[in-house]
Amino acid sequence: MSKGLAIVIIPVYKELMSNYEEISFRQCLKILNKYPISIICPHSLNVEYYVHVSKDYNITLNVNYFDSAYFCNIDGYNRLMLSKFFYKTFLRYEYMLIYQLDAYVFKDELNYWCKQGWDYIGAPWFENFGSLNGEFDVW
C-alpha cells in the first residue's frame, strides 16, 4: 500500500469554536480540501458541530480520539505531540500539517513544502531542551 502525501491534522478540545476559530476552521476546509483532514480530540468530546461544518464544504472529516489527559493543558498536549503512538496513527501519510485554529491559511502550498523533503517546519527546537522518558520518548 502506498502512502498518501499529506494529511491535515486539526487539534480541538472544546465542543464549540469561538468566532475566530470557526473562521480559521472554515478557511482550512476551503483551501486545503484536496487533502484528508482529521481532527484530533479527547474521547469525551462531542464533535458534531465540526462534522456539521465540514459538510458545508463536502468534506468527510476524520476524527481521531486520544486520551483526555492530552487535551487538559499545554503539557499534556506537548506529550501527545512527542509520543510515538500519535505519529503511528498517521503512518499511512508521508507528511502531516498540524493546523492550529489560531492559524489562517491563505493559499494551498502544502504540496510544495512536502516536496522539499524536510522532516520538520515550524518553531525551532533547541538542543538539550529537555527530554521525556518512557512512553513519551521521541523516535
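Pop a pseudo-label 7 angstrom from the Cα along the beta-carbon direction at both residue 115 and residue 88 and give the gap in nm to one decimal.
Going by the 7 Å Cα→Cβ label model, 3.4 nm.
Can you pull the accessible area of residue 30 for me, 1.4 Å probe, Å² to the nearest 10?
120 Å²
For the chain, with the dipole built from +1 on Lys and Arg beta-carbon atoms and -1 on Asp and Glu ones, taken about the Cα centre, which of 36, 80, 106 lies farthest toward the positive end?
About the Cα centre, the residue reaching furthest to the positive side is 36.
How large is the Kirkwood hydrodynamic radius of the chain, in angstrom, based on all distinct alpha carbon pairs?
Evaluated over the chain, this radius sits at 16.1 Å.
On a full-extension model of 0.36 nm per residue, what is the gain between residue 20 and residue 72, subtracting their alpha-carbon distance, rounded to one decimal in nm?
Here the answer is 16.6 nm.
Just to confirm, what accessible area per residue do you get for the chain at 1.4 Å probe, in whole Å²?
Per-residue accessible area for the chain comes out at 67 Å².
I need the peptides 61-70, 32-41 ranked by packing, meaning the mean over residues of other C-beta atoms within 10 angstrom, with the highest value on top.
Order by mean packing, descending: 32-41, 61-70.
Find the relative contact order for the chain and round it to a whole percent, using C-alpha pairs within less than 8 Å whose residues are 6+ positions apart.
RCO, the chain: 35 percent.
Dipole size in debye (nearest 20) for the chain around its Cα centre, Lys and Arg Cβ +1, Asp and Glu Cβ -1?
It comes to approximately 480 debye.
I'd like the carbon and sulfur percentage of the solvent accessible area for the chain, probe radius 1.4 Å, heavy atoms only, ligands and nucleic acids excluded.
C and S atoms contribute 53 percent here.
Using the Cβ atoms and a cut-off under 13 Å, what net charge is assigned to the surroundings of residue 16, where Lys and Arg are +1 and Asp and Glu are -1?
Within the 13 Å Cβ shell, the charges total -3.
The values are calculated or read from the model by the stated rules, or taken from the named source; none is laboratory data. Treat the numbers as computed from the prediction; the structure is a model and nothing was measured. We place every Cβ from the backbone using ideal geometry, glycine too, and count neighbours over all the protein chains shown. SASA here: full protein model, heavy atoms, side chains in, ligands and nucleic acids out. Shrake-Rupley method; radii C 1.70, N 1.55, O 1.52, S 1.80 Å.
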